[in-house]
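Single-structure report; data block below.
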Amino acid sequence: MRLSVIGCGYLGAVHAAAMASIGHEVVGIDIDERKIATLAAGEAPFFEPGLSEILADGIASGRLTFTTDFAAAAGAAVHFVGVGTPQVKGGYAADLTYVNAAVDALLPHLSEGDIVAGKSTVPVGTAASLAPRITAAGATLVWNPEFLREGFAVQDTVDPDRLVAGVPAGPDGERATGILREVYHPSIAKGTPFIVTDYATAELVKVSANAFLATKISFINAMAEIAEVAGADVTMLADAIGHDVRIGRRFLGAGIGFGGGCLPKDIRAFSARAEELGRGESVAFLREVDDINMRRRERAVELVVQGLGGSVHGKKVTVLGAAFKPYSDDTRDSPGLDVAVRLHGLGAVVSLTDPEAIDNARRQHPQLTYVADRDEALTGADAVVLVTEWDEYRRDLTPEHAASLAAGRVVVDGRNAFDPAAWRAAGWTYYGMGRP
Ligand code: UGA
């Protein structure tokens, strides 16, 4: 099928390349000329495992093209809209400027019978408000939220847990459903659940999934706070409650909390939208989820201060990680980067390293010192803080090797990813998050 994908960021670029990889003819469109030039050259504009390969294959096959010209969307049967919906400046709500602009730019190129498939994460009610403009152009709007995780984006797009489509009632909706089934045929044929619903449910599925995940993380971080005053170990607690299949161990990783371009802004936008709908109290707990999450960053800072005897001023602190999670170079709302900035603010001489995210981190916070090489970053450190559990640190860095480089013996494990006994045996004073 011929498809267009509007917006070529973390979501759109992966979607375009993944759709080409399953045999569709895809044009990716974005207003950012540099990003389009990079993608057209077959290079990924950001770090995402497996993306470069499918981009290069798609371009070589002739099925995948990229352009800044919206006219190239003409002739596609389905137009996916995957532009960003960031948090508005000075508020909690989602900024729909890019969604509206993408729809406006697409409208003149739509033909009778085209499908416009919204993928961006939007406040409930957005699809209903966009639909009249799209219907007037003879096309049908569906809402087809995306659940990909950065770091696993290609796999999640080609082989998702589930597909969700919010469609209008009646024959247009039935026809659109049939077309989406064709688009996702390889995955549906493998048994991926395909849930067809109305616009509002589809939009809410997306935000409630992220709200649930964020709540799960803050729940375990709240238990970490209690564990800290009670002398308990939150990681063992998580293991024990996680054995209950109704609870499950995944997303019970206590530490410095969640960040990235999705969870933080999505729970805030959800709160804002619920307020608009007169049901703010229904998701009032999301404010608490956000507060717990932010407190854990400060807790990591406190532990470094404590470890260094009450002040970090003038001390060299090596921060391992800048990305909001491993296998990503994304530093948007990165908890680890925030910890580094707070330590810098307290007068620490912060040396920050990350295998992929240094360029993005430097653009956001040029005041920090970035060191590409892990061992060079560790050399002479008074304290070491793990904030992103890359394999390079979690698995490959032994406490003995770290001790051979660092000047001090204080380690703060912001992700509970190190083995405390091993670090202590090598002479380190180990601080975990919610562990004695
Ligand atoms: C999240 C969702 O997991 C995806 O399903 C969703 O599609 C995506 O947002 C989106 O809306 O686009 P992502 O932002 O890539 O995906 O990252 P996650 O894997 O959810 O991790 C988010 C944050 O939570 C990271 O900072 C991670 O370190 C943290 N986290 C995760 C924990 O602190 N503890 C855990 O146990 C798990």
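The values are calculated or read from the model by the stated rules, or taken from the named source; none is laboratory data. From a predicted model like this one, the values you see are computed outputs, not experimental measurements. Neighbour counts run over all protein chains shown; Cβ positions are idealised from the backbone, glycine included. With ligands, DNA and RNA removed, areas are computed over all heavy atoms of the protein, side chains included. Shrake-Rupley method; radii C 1.70, N 1.55, O 1.52, S 1.80 Å.
Think of each Lys and Arg Cβ as +1 and each Asp and Glu Cβ as -1; about the Cα centre, that makes the dipole of the chain roughly 700 debye. The fraction of accessible area contributed by carbon and sulfur in the range 135-264 is 63 percent, rounded to a whole number (1.4 Å probe; ligands and nucleic acids excluded). When the convex hull of its Cα atoms is viewed from all sides, the range 2-197 shows a mean projected area of 10.4 nm². Fully extending the segment from Arg395 to Ala74, taken as 0.36 nm per residue of separation minus the present Cα-Cα distance, adds 110.6 nm. Summed over qualifying helices (DSSP H, 4 residues or more, each -39500 (n - 2.57)) and divided by its residue number, the chain shows a 222 nm mean residue ellipticity of -13000 deg cm²/dmol. Peptides 63-71, 362-370, 241-249 ordered by packing proxy, namely the average of other Cβ atoms within 10 Å per residue, highest first: 63-71, 362-370, 241-249.
Karplus-based coupling profile of the range 386-400, in residue order and whole Hz: 8, 10, 10, 7, 4, 4, 4, 9, 4, 9, 8, 8, 8, x, 5, with θ = phi - 60° in 6.51 cos²θ - 1.76 cosθ + 1.60 and x standing for Gly or Pro. Largest GNM mean-square fluctuation among Glu288, Glu389, Glu203, using the chain with Cα springs under 10 Å: Glu288.
When a/c reaches 1.5 or more, the comparison of a/b and b/c decides; with that in mind, is the range 231-357 rounded, prolate or oblate per its Cα gyration tensor? Here the range 231-357 falls in the prolate category. Note that the range 264-272 has calculated 3J(HN,Hα) couplings of x, 6, 5, 5, 5, 5, 5, 4, 4 Hz, one per residue in order, obtained from phi through the Karplus relation 6.51 cos²θ - 1.76 cosθ + 1.60 (θ = phi - 60°); glycine and proline are x.
So which of Lys35/Lys265; Lys206/Lys325; Lys89/Lys190; Lys35/Lys216; Lys119/Lys325; Lys89/Lys316 end up more than 32 Å apart by C-alpha? Over 32 Å apart, Cα to Cα: Lys89/Lys190; Lys35/Lys216; Lys89/Lys316. Return a whole-number percent for the relative contact order of the chain, with Cα pairs under 8 Å and 6 or more residues apart as the contact set. It rounds to 12 percent for the chain. Once the Cα atoms are used to define both axes, helix 51-61 deviates from the longest principal axis of the chain by about 30 degrees.
In loop segments of the range 369-436 as defined by DSSP, the trypsin sites (Lys or Arg not before Pro) with at most 14 further C-beta atoms inside 10 Å of their C-beta are Arg395. Note on the range 69-109: with neighbouring protein chains present and a 1.4 Å probe, carbon and sulfur make up 60 percent of its accessible heavy-atom surface.
On a 0 to 90° scale, report how tilted helix 171-183 is relative to the longest principal axis of the chain, with both axes built from alpha carbons and the result rounded to the nearest 10. Helix 171-183 sits roughly 60 degrees off the main axis of the chain.
Quick one: accessible area per residue over the chain, 1.4 Å probe, rounded to a whole number of Å²? I get 41 Å² per residue for this part. Measuring r between the beta carbons of Leu277 and Glu376 and using R0 = 56 Å, the FRET efficiency lands at 0.60.
Computed in the context of the full set of protein chains, the accessible area of the range 356-413 at 1.4 Å probe radius has 45% of its extent on carbon or sulfur. As a size descriptor, the averaged projected area of the C-alpha convex hull of the chain was calculated at 21.5 nm².
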